[in-house]
2 protein chains.
Amino acid sequence: MATVVVPPVTPSPAEDADALLKAFQGWGTDEQAVIAVLAHRDATQRKQIRLAYEENYNENLIQRLQSELSGDLEARVLQIFINTPQELKLVKPKLVKYRAMYHWVLDPVERQAVIANAATKCIHEDYAVIVEIACTNSSSELLAVKRTYHVLYKCSLEEDVAARATGNLRSLLLALVSTYRYGGDEVNDALAKSEAKILRETVTNGETDHGELIRIVGTRSRAQLNATFNWFRDERGTSITRATKALQHGADPTGYSHALRTAVRCISDANKYFVKVLRNAMHKSGTDEDSLTRVIVLHAEKDLKGIKDAFQKRTSVALEKAIGNDTSGDYKSFLMALLGSDI
Amino acid sequence: MATVVVPPVTPSPAEDADALLKAFQGWGTDEQAVIAVLAHRDATQRKQIRLAYEENYNENLIQRLQSELSGDLEARVLQIFINTPQELKLVKPKLVKYRAMYHWVLDPVERQAVIANAATKCIHEDYAVIVEIACTNSSSELLAVKRTYHVLYKCSLEEDVAARATGNLRSLLLALVSTYRYGGDEVNDALAKSEAKILRETVTNGETDHGELIRIVGTRSRAQLNATFNWFRDERGTSITRATKALQHGADPTGYSHALRTAVRCISDANKYFVKVLRNAMHKSGTDEDSLTRVIVLHAEKDLKGIKDAFQKRTSVALEKAIGNDTSGDYKSFLMALLGSDI
């Protein structure tokens, strides 16, 4: 369930476009005014606002927002000259807040394509973003993201992932982003049992050949995998999530083991996984705004209500309160609006 | 372009359904009558005939046809008891003619899903069928096949391919069937040149690690791959098709090298590839009816005209004539009808 609150009566798209133009004019952007409009409209309404803005003012709203909200010149100049993942990492903190708003204005599918594309550029650090998008969308949702990726980047998500990752990480990510998984509930229990055995042997014996494990996690349906994970727990006495954690202790320069664990967690209980991401983002000294923004912006219109409930249950603190304590200024206002807590 | 000829005026679906019922009644099936109806209707018309038949006679036309056309009892009994690929191979010659008609009555997408599923069952022999379906359909056509596969088999084509193939063959087939390739014409020439170098090194040096080669062939767009293949030819002085042929000389129990070469040929010139398949099917002592039927039935409604033209150009013999010399009886009539040569 979504958390975004759309007022029962909203201005027309042309009126909203006009309010945005006014917010952009004069010294600096009136960011509160921008939030008041955009954070309280659904995807269809935002699309109409984009169209009205372009028609009335002959200017692309996304580009205008990108330039308005990226505020300080330094960050913008840096963004233009970023060539390597290292450079991107340096300027990331400056860009993350502005990016949150820019991402929000995109439609939900476009937003995921843009975020996935950014992640392919430093894939050995940001592979978890790819895993999240591949494993928490349904097959048809993921397909919509891949179609939009074609339109935006004139290539496929698959080829970008495959060209930039290596070794087991590549095999895993490629299977996750490319498979059009079966979405039904049917489970073959005998198969689940035999494949749980393969997972157990691979994880327990510290085997380096993960081909079979990647095949299973990368291609089986969610229902089938959850049956397999249950057999794993029954026979091994511990969950696969816990068992794959042990894999991470060895040398793992590509991030494969962590990516594998992320996939397993997203498939077995996505809400629980996102609660952990949010908690990690806020537990760090200095909030990990990148992860925080990603989870809120990607899920506000979809299933953030479930993540909020799971967060409350796990921490006994409301997610709005936790985020409110950890953020400030326009950025805080924006996240609160997406969480449905500013009215 | 299709080759199937639909008369300008056709009977109503109910009249066609009635003609089929009459053909089924009495001693043995009037196979000529069945061909006269079904081989001269397009996919939409055949679907309407199926619906009319089911509505009027309360019986599934596909199942009725399957039982009528499988004619001799022996083949039917065998079909029921087939458990292993070896057994399937034994009874294949008996079944292939009946299957041609059964496959034809399916709608074009369903037909490909059924043929792909059969190929996964003896994948180390029939991998070429999977490669053809993956590499000669557009991304959205392949997706339609995969969606129908979900409906028919309650699982994904990807998981069946991955579970039944091994080693490099698995990696290649999985990438081919799962990637949602970019379909645009844009080519990055520098990338094509650098990836042609990777292909050259892998193919020339007899390397066993084909990870990069599989990534390139499995994920890049057709336009990009053709640019890469052109660079390969320019710098190596021979085509990649010819170069990959040399790979097949070594031990290759899984069929990987042949599957790779098939993929390269389907991507670079599908018509030329199918002409070769047809010629091989007819050059053998005893026609390879399985391949012959597959090419005709899968392409009659789509691009068989192009294959016919390429065949004539390559062999100076009309495809109808070549097939006519090699087949007989109802099977011949049926293929001739699909080739548009029986009127």
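Worth a mention:
- Extreme residue, least open to solvent (accessible area, probe 1.4 Å), among residues of the stretch B:162-182 that are part of a loop (DSSP other than H, G, I, E, B) and more than 7 Å from chain A (Cβ to nearest Cβ): B:Ala165
- The set of residues from the stretch A:186-229 being of a type in the set (Asp, Glu) and surrounded by fewer than 21 Cβ atoms within 10 Å (Cβ to Cβ) comprises A:Glu186, A:Asp189, A:Glu201, A:Glu207, A:Asp209, A:Glu212.
- Filter result (under 16 Å from A:Lys321 (Cα atoms) and either without any contact (Cβ under 8 Å) to a residue 24 or more places away in the chain or not assigned by the TED database to the domain that holds A:Tyr331 (or both)) within the stretch A:282-294: A:His283
- Per-region count, the stretch A:140-156, residues facing chain B (nearest Cβ under 8 Å) and either under 13 Å from A:Tyr180 (Cβ atoms) or open to solvent by less than 30 Å² (accessible area, probe 1.4 Å) (or both): 6
- Of the residues making up the stretch A:245-261, those that are within 30 Å of B:Lys154 (Cβ to Cβ) and buried (at least 23 other Cβ atoms within 10 Å of the Cβ) number 2.
- Selection status of B:Ala310, more than 22 Å from B:Asp107 (Cα to Cα) and modelled with pLDDT of 95 or more: yes
- Those residues of the stretch B:312-333 which are assigned to a helix (DSSP H, G or I), of a type outside the set (Gly, Ala, Ser) and open to solvent by 10 Å² or more (accessible area, probe 1.4 Å), in sequence order: B:Gln312, B:Lys313, B:Arg314, B:Thr315, B:Glu320, B:Lys321, B:Asn325, B:Asp326, B:Asp330, B:Tyr331, B:Lys332
- Every condition in (1) touching a Lys or Arg at 6+ places or on another chain (Cβ under 6 Å); (2) more than 13 Å from every other protein chain (Cβ to nearest Cβ) is met by A:Glu201 except one, and the failing one is (1).
- Residues satisfying the stated conditions in the stretch A:23-41, i.e. within 22 Å of A:Ala100 (Cβ to Cβ) and exposed (fewer than 15 other Cβ atoms within 10 Å of the Cβ): A:Gly28, A:Gln32, A:Ala33
The values are calculated or read from the model by the stated rules, or taken from the named source; none is laboratory data. Bear in mind that the values here come from a model prediction, so they are computed numbers and not experimental data. Methodologically, a virtual Cβ is constructed for each residue, glycine included, from the backbone with ideal geometry; neighbour enumeration extends over all protein chains shown. These area figures cover heavy atoms from the full protein model, side chains too; ligands, DNA and RNA do not enter into them. Shrake-Rupley method; radii C 1.70, N 1.55, O 1.52, S 1.80 Å.
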